[in-house]
Amino acid sequence: MKHFILFIAVYSFSAAKAQKIDSIYVNLYTDSLKKGTFNYINIDGLLSDGRYLPLDSTHLIFSASAGWFSGNSLWIDNNFSDDKVSVKVILRKAPGTFKQFDIYIKKKPDNEKLKTADEIINEMKNNTRSKRKGNLSSGNGVITKIYRA
């Protein structure tokens, strides 16, 4: 009898944890895909109890008009020349639940040089000094504040 009660308890807890995925949502971390690198495609599932669950390739089937997937990450070749890639994501347990969407390819090169911490601090110091100089007037050795309307 104890084994039967234990079995029922374990079964009911596991059934309570297994929620059905009602729908899937696409949450991209960027507005465009970069060529020559992996681009993570974030998909969330809305569970029947209202919670969201991040989904991966164990839950989903990924396909795209270009490139190839490794898990949730889409590789786009450097030689790709179209403006966008069409992606389709299908829920494995319910193939009727899917999302199809287009993601554009980044056009500008990634050659932007980011400022170092020292450059940012120096820039902030210089801006603060120039603001002070612009608001102060010196006359006869006395510094007075100028108020602008």
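The values are calculated or read from the model by the stated rules, or taken from the named source; none is laboratory data. As the structure is a computational prediction, the values presented were derived from the model and not from experiment. Cβ coordinates were reconstructed from backbone atoms using ideal geometry, including for glycine residues, and neighbour counts include every protein chain displayed.
Do we have Phe69 as more than 18 Å from Tyr29 (Cα to Cα) and of a type outside the set (Ser, Thr, Tyr) here?
Working: more than 18 Å from Tyr29 (Cα to Cα): no; of a type outside the set (Ser, Thr, Tyr): yes.
So Phe69 does not fit the description; no.
For the condition of a type in the set (S, T, N, Q) and either part of a strand (DSSP E or B) or at pLDDT 95 or above (or both), what is the one hit in Ser12, Ser23?
The unique qualifying residue is Ser23.
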Can you tell me which residue within region 104-143, out of those that are surrounded by 10 or more Cβ atoms within 10 Å (Cβ to Cβ), in contact with a Ser or Thr (Cβ under 8 Å, 6 or more places away or on another chain) and farther than 30 Å from Phe62 by Cα, is modelled with the highest pLDDT? Leu136
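Please enumerate the residues belonging to region 69-103 that are loosely packed, with under 13 Cβ neighbours inside 10 Å and closer than 14 Å to Lys35 by Cα.
The first filter runs over region 69-103 and keeps only residues loosely packed, with under 13 Cβ neighbours inside 10 Å, leaving 70, 77-79, 81-83, 93, 95-96, 100, 102.
Answer for region 69-103, where residues must be loosely packed, with under 13 Cβ neighbours inside 10 Å and closer than 14 Å to Lys35 by Cα: Asp77, Asn78, Asn79, Ser81, Asp82, Asp83.
Going by the conditions given, is Ile61 in contact with a Pro (Cβ under 9 Å, 6 or more places away or on another chain), part of a strand (DSSP E or B) and at pLDDT 95 or above? It would help to see each step written out before you state the result.
Numbers: in contact with a Pro (Cβ under 9 Å, 6 or more places away or on another chain): yes; part of a strand (DSSP E or B): yes; at pLDDT 95 or above: yes.
Spelling it out, Ile61 is indeed in contact with a Pro (Cβ under 9 Å, 6 or more places away or on another chain), part of a strand (DSSP E or B) and at pLDDT 95 or above.
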Tell me whether region 26-40 contains one or more residues that are on the phi > 0 side of the Ramachandran plot and surrounded by 11 or more Cβ atoms within 10 Å (Cβ to Cβ). yes
